[in-house]
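Before any comments, here is the structure.
What follows draws every value from the coordinates through simple rules; no lab data is involved. Bear in mind the structure is a predicted one, so any value in this text is a computation, not a measurement. In this analysis, Cβ positions are derived from the backbone assuming ideal geometry, glycine residues included, and neighbour counts consider all displayed protein chains.
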Amino acid sequence: MLWYLVETDFFFLSLFSFLLLFHFKDSFGPPFDRPRKRPLGQTVILTLIAVLLGLIVNQFRSDSMPLLGDWSPEARIALKFGKNILIPFDEAKQRFLNGGAVFVDARPLELFEAGHIQGALTVPLLSLTR
């Protein structure tokens, strides 16, 4: 998967370099011999081509990124099938008090011992990564 991304990035970088050199080949002379509008116009055209090409590639990728969406942290915390897993604080508190939920504290043990929610379990994050 990584090599595919590297290859596609290299391809588009090569294509951009070719287009850049092709469009500016006549501009490599004394600065007063060429009109000022031409390089600016070519830059705008190349930028538009790059944006259009990026949008097209995004549409055909299997893991394409939505152009319009909710990018808030709450919206990004979801299960794989799209269900939001955040619940309001009052609901979490009620579930905890009724025994329907368990709070897990992932902080280091020293911080957990310094203060935690009564009844919470400690599972230090560093212990999970070893």
Determine, from the Cβ-Cβ distance of L111 and D63 and an R0 of 22 Å, the FRET efficiency 1/(1 + (r/R0)^6), rounded to the nearest 0.05.
0.05
Taking N as the number of residues in the stretch 87-128, what is its Cα Rg relative to 2.2 N^0.38 Å?
1.25
Out of residues 5 or more away from D105 or on other chains, whose amide H comes under 5 Å of its own, with H placed 1.01 Å from N in the peptide plane?
L121, T122, V123
Residues in the stretch 4-21 that a label on L46 would reach, taking backbone N under 13 Å of a point 7 Å out along Cα→Cβ:
13-21
Sticking with the crude label model, points 7 Å out along Cα→Cβ, report the distance from V104 to K83 in nm, one decimal please.
1.7 nm
Going by C-beta contacts inside 10 Å, put R38, R61, R107 in order with the fewest on the left.
R61, R38, R107
